[in-house]
Amino acid sequence: MAATTPSAIDSVSSAAKPTLLSIRAVAKTFGRNVVLRNISLEIAEGEFLTILGESGSGKTTLLRIIAGFESATSGEVWMGAERLDRKPPYRRRVNTVFQHYALFPHLSVEENVGYGLRVAKRPAAEIAERVAQALEKVRMTAYAKSKPSKISGGQQQRVALARALVNRPQMLLLDEPLSALDANLRRQMQVELKSLQREVGIAFVFVTHDQEEAMVMSDRIALLRSGELEQVATPRDIYSFPATAYAAQFIGHTNLLKGEIRAGMAECNGLRWKTSLPDGPALFSLRPEHIRTGDSGASSSIRVRGRVVHQAFHGATELIRVDCGGLVLTVRTANRIEPDKEIALEFTATDAVPVRESPERT
């Protein structure tokens, strides 16, 4: 199956870096409410891993277990050769940046950044040097004497990062730290945060519900659904080769084609193409950009005609819905196509990626 190759590549690339954090069969319940179910995940040194999921998927709970603010009901968390989940939060080489930065309003930027070092009773000269280094990393040296109320939301986010980095953690945990920013600043900070992570060279574990944010920033994405891992892969692989129908629909747009395999042929709503899949029911993910308008005449193409029933403007592209007589396909095209127009569509067998059904979870 085509989807196996990228998974193999991803395993090799992940194995190239030593494992920093190992989450082993972690589960969490609050009373009768099961929040996490048997989560096993390894995070490499220097990796930017995003835990992605909708509200209630368990992503923040998993982050809090790593940080030590929650205890797992069962399972283990290891950092290197040490059992991390047996240590209190202040003994872990892990720091957290929260959604609300919680800066002290009466302290200056440099005082906020150095607060943890002062509590730890580090020498004054060491505090000054480490604070200066942390502020330089996040390009906030010029605002060292400013109060949080006098700087922007994006600058406050950098101060929160500097406060976490000054403690020299082995891993930084970020719980939706960009969600309070406006759209333009958020996009800018995505780029800056990824650049900063590469510069400092430590592992970042980033929690978000925003698919675009995860795709832009991550080395790998761990997609959570109802407390279970749906898929762990690079952004490119999870988009191009989703393992399940849920993964295909949650990340980007897709068309799910239900069909049947008989004697090496897939049949979906009257469309037929060759496949190496075994006989039986099958489900395919077909991305809108993989469906082309017009008829190229290529013998390898699967063709269908339909009528445009909806058109939505997306800047450089248009997203149209085409009724093909019982089968409605979403198509991404660079050309403006008016509703009610009849058009020809085509795609190839390799564009239809096999995925597993996603059963309902409670």
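Among (1) in contact with a helix residue (DSSP H, G or I) (Cβ under 8 Å, 6 or more places away or on another chain); (2) in a helix (DSSP H, G or I), where does Ala160 come up short?
That leaves (1) as the condition not met.
Would you mind finding the one in Tyr101, Tyr115 that is assigned to a helix (DSSP H, G or I), aromatic (Phe, Trp, Tyr) and within 30 Å of Glu82 (Cβ to Cβ)? Quick ask: steps written out before the conclusion?
Working: Tyr101 fails: assigned to a helix (DSSP H, G or I).
Answer to the check: Tyr115.
Where residues in the range 234-244 are buried (at least 20 other Cβ atoms within 10 Å of the Cβ) and over 14 Å from the mean Cα position of the chain (by Cα), which of them is farthest from Ala222 (Cα to Cα)?
Here the residue is Phe241.
For residues in the range 170-221 being hydroxyl-bearing (Ser, Thr, Tyr) and closer than 22 Å to Ser55 by Cβ, which is modelled with the lowest pLDDT?
Ser179
In contact (Cβ under 8 Å) with a residue 12 or more places away in the chain, surrounded by 16 or more Cβ atoms within 10 Å (Cβ to Cβ) and in the same structural domain as Gly294 (by TED's automatic domain parsing), is that true of Ile343? Give the derivation first.
Details: in contact (Cβ under 8 Å) with a residue 12 or more places away in the chain: yes; surrounded by 16 or more Cβ atoms within 10 Å (Cβ to Cβ): yes; in the same structural domain as Gly294 (by TED's automatic domain parsing): yes.
Against the criterion (in contact (Cβ under 8 Å) with a residue 12 or more places away in the chain, surrounded by 16 or more Cβ atoms within 10 Å (Cβ to Cβ) and in the same structural domain as Gly294 (by TED's automatic domain parsing)), Ile343 qualifies.
Filter the range 246-276 down to the residues that are within 30 Å of Glu42 (Cβ to Cβ) and either surrounded by fewer than 20 Cβ atoms within 10 Å (Cβ to Cβ) or touching a helix residue (DSSP H, G or I) at 6+ places or on another chain (Cβ under 7 Å) (or both) and list them by number.
Filtering the range 246-276 down to residues within 30 Å of Glu42 (Cβ to Cβ) leaves 246-252, 254.
Result: Ala247, Gln249, Phe250, Ile251, Gly252, Thr254.
Within the range 118-142, which residues are under 18 Å from Leu185 (Cβ atoms) and buried (at least 20 other Cβ atoms within 10 Å of the Cβ)? Before the answer, list the steps.
Restricting attention to the range 118-142, the residues satisfying the condition of being under 18 Å from Leu185 (Cβ atoms) are 138-140.
Result: Val138, Met140.
For (1) in contact (Cβ under 8 Å) with a residue 24 or more places away in the chain; (2) within 30 Å of Asn33 (Cα to Cα); (3) surrounded by 19 or more Cβ atoms within 10 Å (Cβ to Cβ), each residue gets a yes or a no:
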{"site": "Ala164", "(1), (2), (3)": "yes, no, yes"}
{"site": "Asp175", "(1), (2), (3)": "yes, yes, yes"}
{"site": "Asn184", "(1), (2), (3)": "no, no, no"}
{"site": "Gly201", "(1), (2), (3)": "yes, no, no"}
{"site": "Val205", "(1), (2), (3)": "yes, yes, yes"}
{"site": "Gly227", "(1), (2), (3)": "yes, yes, yes"}
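If you check Arg287 against the conditions, is it of a type in the set (Lys, Arg), surrounded by fewer than 17 Cβ atoms within 10 Å (Cβ to Cβ) and not assigned by TED's automatic domain parsing to the domain that holds Ala44? Step through it out loud before you land on a result.
Numbers: of a type in the set (Lys, Arg): yes; surrounded by fewer than 17 Cβ atoms within 10 Å (Cβ to Cβ): no; not assigned by TED's automatic domain parsing to the domain that holds Ala44: yes.
Answer is no for this residue.
Name the residue that is surrounded by the fewest Cβ atoms within 10 Å (Cβ to Cβ), counting only residues in the range 90-117 that are in contact (Cβ under 8 Å) with a residue 40 or more places away in the chain and of a type in the set (Gly, Ala, Ser).
Ala102
Among strands (runs of 3 or more DSSP E) lying entirely in the range 11-89, which contain 3 or more residues that are surrounded by fewer than 21 Cβ atoms within 10 Å (Cβ to Cβ) and either in contact (Cβ under 8 Å) with a residue 40 or more places away in the chain or touching a Gly at 6+ places or on another chain (Cβ under 8 Å) (or both)? Break it down stepwise before answering.
Values: elements: 19-30, 33-44, 48-52, 74-79.
Per the criteria, 19-30, 33-44, 74-79.
Any idea which residue in the range 137-161 is farthest from Val94 (Cα to Cα), counting only those that are over 28 Å from the mean Cα position of the chain (by Cα) and not small (Gly, Ala, Ser)? Talk me through it step by step, then tell me what you get.
The first filter runs over the range 137-161 and keeps only residues over 28 Å from the mean Cα position of the chain (by Cα), leaving 141-151.
Pick out the ones that are also not small (Gly, Ala, Ser) and you get 141, 143, 145, 147-148, 150-151.
Numbers: Thr141: 24, Tyr143: 26, Lys145: 27, Lys147: 26, Pro148: 24, Lys150: 29, Ile151: 27 Å.
Within the range 137-161, the match that is farthest from Val94 (Cα to Cα) is Lys150.
Quick check on my filter: what residues within the range 258-299 are basic (Lys, Arg) and within 31 Å of the chain's Cα centre (by Cα)?
At the first step, the residues of the range 258-299 found to be basic (Lys, Arg) are 258, 262, 272, 274, 287, 292.
Once the filter is applied, which keeps residues that are basic (Lys, Arg) and within 31 Å of the chain's Cα centre (by Cα), the range 258-299 yields Lys258, Arg287, Arg292.
The values are calculated or read from the model by the stated rules, or taken from the named source; none is laboratory data. Just so you know, these numbers come straight off a predicted model, no measurement behind them. Every residue, glycine among them, receives a Cβ derived from its backbone with ideal geometry; neighbour counts consider all protein chains shown.
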